[in-house]
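Engineer: Below you'll find the structure I mean.
Every number in this text was worked out from the coordinates using simple rules, so none of it is lab data. Only a predicted model underlies this, so the values are computations on that prediction, with no experimental measurement involved. Backbone-built Cβ (ideal geometry, glycine too); neighbour counts: all protein chains shown.
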Amino acid sequence: MEGNYCEARAKKRKTAGDTAIKVLVVTGVVLSVVAALLFGQSLLLILAVGLGILAYFLFPRFNVEYEYVFCDGQLDFDKIMNGDRRKHLARVDMDAVVVVAPVKSHALDGYNHNGVRKVDYSSLEPHANVWGLVISAGEQKTVYWFEPSEDMIRRMKQKAPRKVVEY
């Protein structure tokens, strides 16, 4: 079984939008508490508690790691939030794959227009080794961006040699 199984992970980089949301929530909590203490308004204290609860549930969603598992011709995409909660995102069968290639490859040039749905499961790091996997379901085409390991690419090429382009 080990010969057909491979996994890889990519930790998502923190974006400016993530930081801005965190700053806004924390600022809202602090301002609500200060205003409640200054003006004696219990409604502002309730708002501060509500924002604190929002922060408790929202902040773990910014610590994301993607896991890719290739097993017997199927590629699974999972999202791990805060190191403890896992969410299954997608499963792709190699029979439905059109092409797998590095994102900067010319093999993906035909899939860069507006009619193609793009799903990014990469780390967003500037120098990451990001690959694109194109699947076709009727007229709808979807490109998944992910960061496989060298071993995963080798195993995918063994399963579907004409679909994996390494240049």
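Engineer: For the chain, build the charge dipole from Cβ charges (+1 Lys, Arg; -1 Asp, Glu) around the Cα centre, then report which of Leu51, Ser122, Ala101 sits farthest towards its positive end.
Structural biologist: Positive-most Cα among the choices belongs to Leu51.
Engineer: Taking only Cα atoms and a 10 Å spring cutoff, compute GNM fluctuations for the chain and point out the largest among Asp109, Asp72, Asp93.
Structural biologist: For the chain, modelled as a Gaussian network with Cα springs under 10 Å, the answer is Asp109.
Engineer: How big is the charge dipole of the chain about its Cα centre, in debye rounded to the nearest 20, if each Lys and Arg gets +1 on its Cβ and each Asp and Glu gets -1 on its Cβ?
Structural biologist: Using Cβ point charges on Lys, Arg, Asp and Glu, the chain gives about 280 debye.
Engineer: May I pose another question? Quick one, can you get me the convex hull of the C-alpha atoms of the range 1-60 expressed as volume per residue in Å³?
Structural biologist: On the way: hull volume 5.3 nm³, N = 60.
Output value, Cα hull per residue: 88 Å³.
Engineer: Could you check the simple spin-label distance between Ala128 and Lys104, using points 7 Å along Cα→Cβ, in nm with one decimal?
Structural biologist: With each label point 7 Å from Cα toward Cβ, the separation is 1.6 nm.
Engineer: Return the subset of Lys14/Lys87; Lys11/Lys159; Lys79/Lys118; Lys104/Lys159 for which the Cα-Cα distance in this structure is over 25 Å, preserving the input order.
Structural biologist: Lys11/Lys159
Engineer: Which of Tyr121, Tyr144, Tyr56 moves most in a GNM of the chain, Cα contacts under 10 Å?
Structural biologist: For the chain, modelled as a Gaussian network with Cα springs under 10 Å, the answer is Tyr56.
Engineer: What does the net charge come to around Val134 if you take all other residues with beta carbon closer than 11 Å to its beta carbon, with K and R at +1 and D and E at -1?
Structural biologist: +4
Engineer: Further question: GNM on the chain, C-alpha springs below 10 Å: top fluctuator among Ala101, Ala20, Ala128?
Structural biologist: Greatest mean-square fluctuation among the candidates belongs to Ala20.
Engineer: Which shape class applies to the range 1-126: rounded if a/c is under 1.5, otherwise prolate when a/b exceeds b/c and oblate if not, where a ≥ b ≥ c are the square roots of the Cα gyration tensor eigenvalues?
Structural biologist: It comes out prolate by the Cα gyration axes.
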